[in-house]
Amino acid sequence: MSLLENFLPAFLEEVVGDRFGRYSKYIIQDRAIPDVRDGLKPVQRRILYAMFDSGNTPDKPYRKSAKTVGDVMGNYHPHGDSSIYDGMVRMAQPWKMGHTLVDGHGNWGSMDDDPPAAMRYTEARLSPIAMELLRDIDKRTVLFKDNFDNTTKEPVVLPARYPNLLVNGVSGISSGFATEIPPHNLREVIDACTALIDNPDMTVGDLMKIMRGPDFPTGGRIMGEDGIREAYETGKGRIYVRSKTAIEDMRGGKQQIVVTEIPYQVVKSKLVNSIDQLRLEKKVEGIAEVRDESGRAGMRIVIELKKDADAEGILAYLLKKNRPAGRL
């Protein structure tokens with residue numbers, strides 16, 4: 001019997017289980033789930049390090065995004081350029097990151113879910129706070145490993161000087177694992193860290209006196225703290241975020257509801273359309289017009305009401321109908 005004819009019997013479930021286990025391990029470690037030490041996924045880490053290594057720092061002029069994507073793909077991340085640019089775009093959007101790690105110049109999308117311009121049109125450089133993730137990386141502070149073709153080295157983790165996992169939050173899903181961590185206030189997180197260093201026996205209740213809960217870049221109001229406490233204690237919890245609203249009086253005895261903050265990761269244009277759809281379908285009476293007056297001064301969604309409409313009742317209905325729940 002030749003070598004090619006020497007087959008070994010194997011159970012299908014064992015072969016599939018072994019192969020899928022290896023694949024899952026790769027996806028979890030090298031794509032979807034961040035490292036708790038620097039709060040970054042591999043593609044994000046490689047983008048930041050490539051920009052730092054090429055001198056694309058805050059004190060230098062902006063550089064074409066396509067050049068950064070090419071450096072990352074050629075040296076560290078042998079995958080499609082779209083996945084690299086998508087990771088770069090997210091780190092440059094202030095409505096998704098508590099503190100942006102990429103300082104973008106050009107069209108990087110909007111809260112209305114408008115797509116960013118192609119990488120050949122946009123420019124970018126590292127943001128000042130991103131330098132605190134990379135500071136002292138050239139002083140043997142972290143381990144380095146060979147890149148995919150053994151031509152250079154890349155860091156295993158960045159020497160982050162602040163807990164980026166909590167400050168900027170992260171979301172990711174993989175086979176058997178998922179994470180959803182919201183952004184938190186930088187000052188509160190650092191104060192909580194120093195307090196925990198001084199007193200390692202602090203309880204969750206003591207920590208919550210310093211870091212009371214998430215701090216979303218789009219604002220909004222968190223309804224109650226039970227979900228936050230449950231998440232901090234067990235790793236799982238659900239929080240409800242409500243838009244910041246106000247009722248304003250107009251001429252002629254009319255009133256209008258003004259929304260100045262919306263829940264995290266809610267697309268503003270879809271929210272406006274859903275409210276306007278309620279008006280068109282006459283599921284709620286009293287709404288005359290819905291306008292998006294957002295601009296340089298900030299967000300402003302105006303829901304103009306008809307005369308003698310019950311503003312409080314309409315607002316309560318809208319908050320109940322469009323209630324997004326966030327998971328920790």
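When the residues of segment 203-224 are filtered to those that are over 18 Å from GLY237 (Cα atoms) and β-branched (Val, Ile, Thr), the one that is surrounded by the most Cβ atoms within 10 Å (Cβ to Cβ) is THR218. Does any residue of segment 6-20 turn out to be closer than 27 Å to PRO163 by Cα, among the polar types (S, T, N, Q) and either surrounded by 12 or more Cβ atoms within 10 Å (Cβ to Cβ) or out of contact with any Ser or Thr (no Cβ under 7 Å at 6 or more places or on another chain) (or both)? Looking for residues that are closer than 27 Å to PRO163 by Cα, among the polar types (S, T, N, Q) and either surrounded by 12 or more Cβ atoms within 10 Å (Cβ to Cβ) or out of contact with any Ser or Thr (no Cβ under 7 Å at 6 or more places or on another chain) (or both), one finds none in segment 6-20, hence no.
Matching residues to (1) touching a residue at least 12 places away in the same chain (Cβ under 8 Å); (2) closer than 20 Å to ASP30 by Cβ; (3) surrounded by fewer than 18 Cβ atoms within 10 Å (Cβ to Cβ):
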site: ASP103; (1), (2), (3): yes, no, no
site: ASP113; (1), (2), (3): yes, no, yes
site: ALA124; (1), (2), (3): yes, no, no
site: ARG135; (1), (2), (3): yes, no, yes
site: ASP146; (1), (2), (3): no, yes, yes
site: THR151; (1), (2), (3): yes, yes, yes
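For segment 39-89, filtered to residues that are of a type in the set (D, E, K, R) and surrounded by 20 or more Cβ atoms within 10 Å (Cβ to Cβ), the residue that is farthest from LEU158 (Cα to Cα) is ASP71.
For segment 174-203, what are the residues that are of a type in the set (A, V, I, L, M) and under 21 Å from TYR162 (Cβ atoms)? ILE181, LEU186, VAL189, ILE190, ALA192, ALA195, LEU196, ILE197, MET202 - these are the residues of segment 174-203 that are of a type in the set (A, V, I, L, M) and under 21 Å from TYR162 (Cβ atoms). Note on segment 212-236: residues that are in contact with a Leu (Cβ under 8 Å, 6 or more places away or on another chain) and under 30 Å from SER110 (Cβ atoms) amount to 4.
Assess whether ILE228 counts as being in contact (Cβ under 8 Å) with a residue 12 or more places away in the chain, closer than 30 Å to MET299 by Cα and among the β-branched types (Val, Ile, Thr). Talk me through it step by step, then tell me what you get.
On the way: in contact (Cβ under 8 Å) with a residue 12 or more places away in the chain: yes; closer than 30 Å to MET299 by Cα: yes; among the β-branched types (Val, Ile, Thr): yes.
Yes.
Bear in mind that the values in this text are calculations on the coordinates, not laboratory data. Keep in mind the model is a prediction, meaning the values are calculated, not measured. Methodologically, a virtual Cβ is constructed for each residue, glycine included, from the backbone with ideal geometry; neighbour enumeration extends over all protein chains shown.
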